[in-house]
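Only one structure is covered here, and it is reproduced in the block below.
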Amino acid sequence: MTTLSPVSTEKTQPAALSVAEKPSLAGLPRAALAEFLRGLGVPEKELRMRAGQLWHWLYVRGATSFDDMTNVAKTLRAQLSAAATLDRPEIVREQISADGTRKWVLRLPSRSAFDKGAEVECVYIPEKDRGTLCVSSQVGCTLNCSFCHTGTQKLVRNLEASEIVGQVLVARDRLGDYPGRTPPDGAFVPNDGGRFVSNIVFMGMGEPLYNTDNVRDSIGVLTDPEGLQLSKRRITVSTSGVVPDIARLGTETGTMLAISLHATNDALRDVLVPINKKYPIAQLLQACRDYPGVSNARRITFEYVMLKGVNDSLAEARALVKLLKGIPAKINLIPFNPWPGSIYECSDWEQIEKFSDLVFDAGYSSPIRTPRGRDILAACGQLKSDTEKMRARARLMLEEQLALGAD
């Protein structure tokens with residue numbers, strides 16, 4: 001059994017403000033790799049083969065250097081090294097929970113003078129039968145759900161598909177999750193029967209369906225049978241209810257769907273999940289009924305955070321059962337995870353169990369999600385880059401410098 005420290009540990013690095021001169025190919029979709037090679041002058045008749053070679057080294061072998069690509073011509077390797085890198089998002093901070101959960105704060109490459117040091121968080125949850133990675137789809141969030149810490153961070157921008165895939169590559173690097181490759185120093189390699197990265201959940205920072213194109217393209221990379229080979233049934237995309245893109249998600253990705261529900265009536269959901277004012281519960285549930293491929297074998301997960309005295313009564317449980325009638329569903333009951341400044345409390349455990357029993361007796365699976373990583377603010381609803389203020393200060397300093405230069 002792996003021995004884990006009972007106290008959170010972390011590694012911190014100073015903020016970097018330099019703009020990367022060379023792009024990274026790590027995380028790119030196959031078409032983007034081919035286009036990059038075309039720009040280097042690779043002949044059209046070789047593009048498919050060369051892109052396939054890069055794809056294999058990136059996503060099967062986990063290469064971090066072009067020199068590792070022994071079946072790629074030396075001249076092309078030299079061209080690639082001169083024009084690009086295989087850099088992953090930079091690990092700014094790595095925290096380890098008492099329960100084995102790991103959280104990484106990742107710094108993304110700068111995209112403009114006003115996008116320096118943007119950061120996201122992703123979380124790895126090891127279990128006996130799986131290893132789940134929770135990834136972010138945006139820097140910050142725009143939904144302002146009142147119980148969610150992430151929602152208190154302003155939206156900065158959408159993530160590119162490569163930046164979403166990059167989170168998975170970072171996790172696999174840190175877990176030594178590549179065949180025949182020696183894990184890097186300090187990597188956490190499960191040796192207690194636990195799995196590596198087998199499941200992906202889009203439940204980190206941001207609303208995935210406000211970034212549907214990049215989420216779709218990243219899923220294409222993650223599920224490619226010649227690369228990372230993740231099953232579509234092991235990828236779950238969670239939305240707070242962006243109704244117009246729900247059907248599109250199912251048609252274009254075939255992944256599992258999760259709905260951040262949390263209330264059984266519009267009046268309360270308007271407060272907890274403000275997007276409900278735009279897409280009320282009736283519209284949301286109709287989109288669920290129409291979700292491509294939904295069945296008893298491919299149930300929709302409804303997430304329901306348990307808030308003491310707010311939405312945890314047995315009357316609410318009965319209303320929930322009535323509301324979801326006819327939808328193949330699983331209901332995840334999530335004990336509220338506290339964060340600084342929150343106005344809510346977690347429901348009493350006895351009340352959560354009563355709520356779960358009532359839902360279960362009505363014929364719905366109603367597991368109570370075990371809180372993981374609470375001590376490092378890695379649990380559901382707790383993600384928020386704790387260097388947000390640092391970024392804001394850096395942006396302000398840059399704006400002041402530019403203003404002085406203009407004078």
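Read-outs: derived from the displayed coordinates by stated rules, not from any lab. From a predicted model like this one, the values you see are computed outputs, not experimental measurements. Here Cβ is always computed from backbone atoms with ideal geometry, including for glycine, and neighbour counts include all displayed protein chains.
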What is the spin-label model distance, in nm, from Arg77 to Thr182 if the labels are put 7 Å beyond Cα along the C-beta direction? 1.8 nm
If you plug each phi of segment 84-93 into the Karplus form 6.51 cos²θ - 1.76 cosθ + 1.60 with θ = phi - 60°, what whole-Hz ³J(HN,Hα) values come out, in order, with x for Gly and Pro? 8, 10, 10, 5, 8, x, 6, 7, 7, 8
Neighbour-limited loop hits for GluC sites (Glu not before Pro), segment 290-346 (at most 15 other Cβ within 10 Å; DSSP other than H, G, I, E, B): Glu345
With the cut-off at 1.5 for a/c, could you classify segment 90-391 from its C-alpha gyration tensor as rounded, prolate or oblate? rounded
If you rank His56, His149 by fewest surrounding Cβ atoms within 10 Å, what's the result? His56, His149
In whole percent, what relative contact order does segment 90-391 give with Cα contacts below 8 Å and a gap of six or more residues? 17 percent
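Could you list Glu21, Glu226 in order of exposure, starting from the residue whose Cβ has the fewest other Cβ atoms within 10 Å?
On the way: Glu21 6, Glu226 11.
Lowest to highest Cβ neighbour count: Glu21, Glu226.
Among Lys128, Lys103, which comes first, second and so on when ranked by fewest other beta-carbon atoms within 10 Å? Spell out each step's value before the answer.
Numbers: Lys128 10, Lys103 24.
Fewest-to-most ranking of Lys128, Lys103: Lys128, Lys103.
For Leu33, what is the net charge nearby, where nearby means another residue's Cβ is under 12 Å from its Cβ and Lys, Arg count +1, Asp, Glu -1?
Details: positive: Arg30, Arg38, Arg48, Arg50; negative: Glu35, Asp224.
Net charge in that neighbourhood comes out at +2.
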Do you know the relative contact order of segment 30-86, to the nearest whole percent, from alpha carbon pairs under 8 angstrom that are 6+ apart? 28 percent
How compact and how long is segment 30-86, expressed as Rg and Dmax of its alpha-carbon atoms in Å? 10.2, 27
Taking the alpha-carbon centre of each part, the distance from segment 271-307 to segment 241-258 in Å is 11 Å
